[in-house]
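Enquirer: To start, I am sharing the structure in question, which I have written as structure tokens.
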Amino acid sequence: MAGPTVSVTVDYPRDPALYQRDHGRFLREANRHAAVYHHRHHIPRHFQSFAAAKYGYAKRRSFVGRKSYQDLKNRLGLPPLVSPRLTGGQTQRQVTTMRQVTATQKRSRLIMRLPFRGGTGRFRTQPGQRELSVNQKVVLQIISEIETIAPDEQRTINSEIHRHYAMQANKPGVRKRKRFGGRS
């Protein structure tokens, strides 16, 4: 695992009028476009106040003075506290700005890096260490939370793939196969 990775797989039937090569290229471009769309529009939502409820994040430990601070925020009408681990400025900036997208005809892959040691999610255990340390488990939990895709986001990604594919396939100048039907 190399940091938060989001994979989406969609089947799209080939238009018989299109060449196979063009169909594959359009699918690859549509998948790449959908991954970039997801990174620009959906990933920043993971750092907003409603994210814990929407994506089902685990409950956070309480911190000293947190209750009185939350009471003050409630009295002032401010939004509730969210994950102190996930809303950090450097993590948010790194995850929402840096990305690596790879796409094939079948799926796209969005790779993001976290801005601290172990941010890729690949850990080596020390000699004599049987399991991951607490900090390593926290990093894996952050990665799993960022990888979460809500059902409405999945529908949006699918519609974005279909929209972009149709736009590419219907562009003027796209080669079409000529069919001569009815010959016997």
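Enquirer: Has segment 9-21 got any residue that is touching an Asp or Glu at 6+ places or on another chain (Cβ under 7 Å) and either surrounded by 15 or more Cβ atoms within 10 Å (Cβ to Cβ) or at pLDDT below 85 (or both)?
Expert: No: zero hits.
Matching residues to (1) in contact with a Phe, Trp or Tyr (Cβ under 9 Å, 6 or more places away or on another chain); (2) part of a loop (DSSP other than H, G, I, E, B):
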| position | (1), (2) |
| --- | --- |
| P115 | no, yes |
| Q136 | yes, no |
| E153 | no, no |
| E160 | yes, no |
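Enquirer: Is segment 75-91 home to any residue that is modelled with pLDDT of 70 or more and closer than 26 Å to M167 by Cα?
Expert: Scanning segment 75-91, I find no residue that is modelled with pLDDT of 70 or more and closer than 26 Å to M167 by Cα, so the answer is no.
Enquirer: Follow-up. Taking segment 22-58 as the region of interest, how many residues are among the small types (G, A, S) and surrounded by fewer than 18 Cβ atoms within 10 Å (Cβ to Cβ)?
Expert: Count: 5.
The values are calculated or read from the model by the stated rules, or taken from the named source; none is laboratory data. On a predicted model such as this, the values are computed, not experimentally measured, just so you know. All Cβ positions, even for glycine, are placed from backbone atoms using ideal geometry, and neighbour counts span all protein chains on display.
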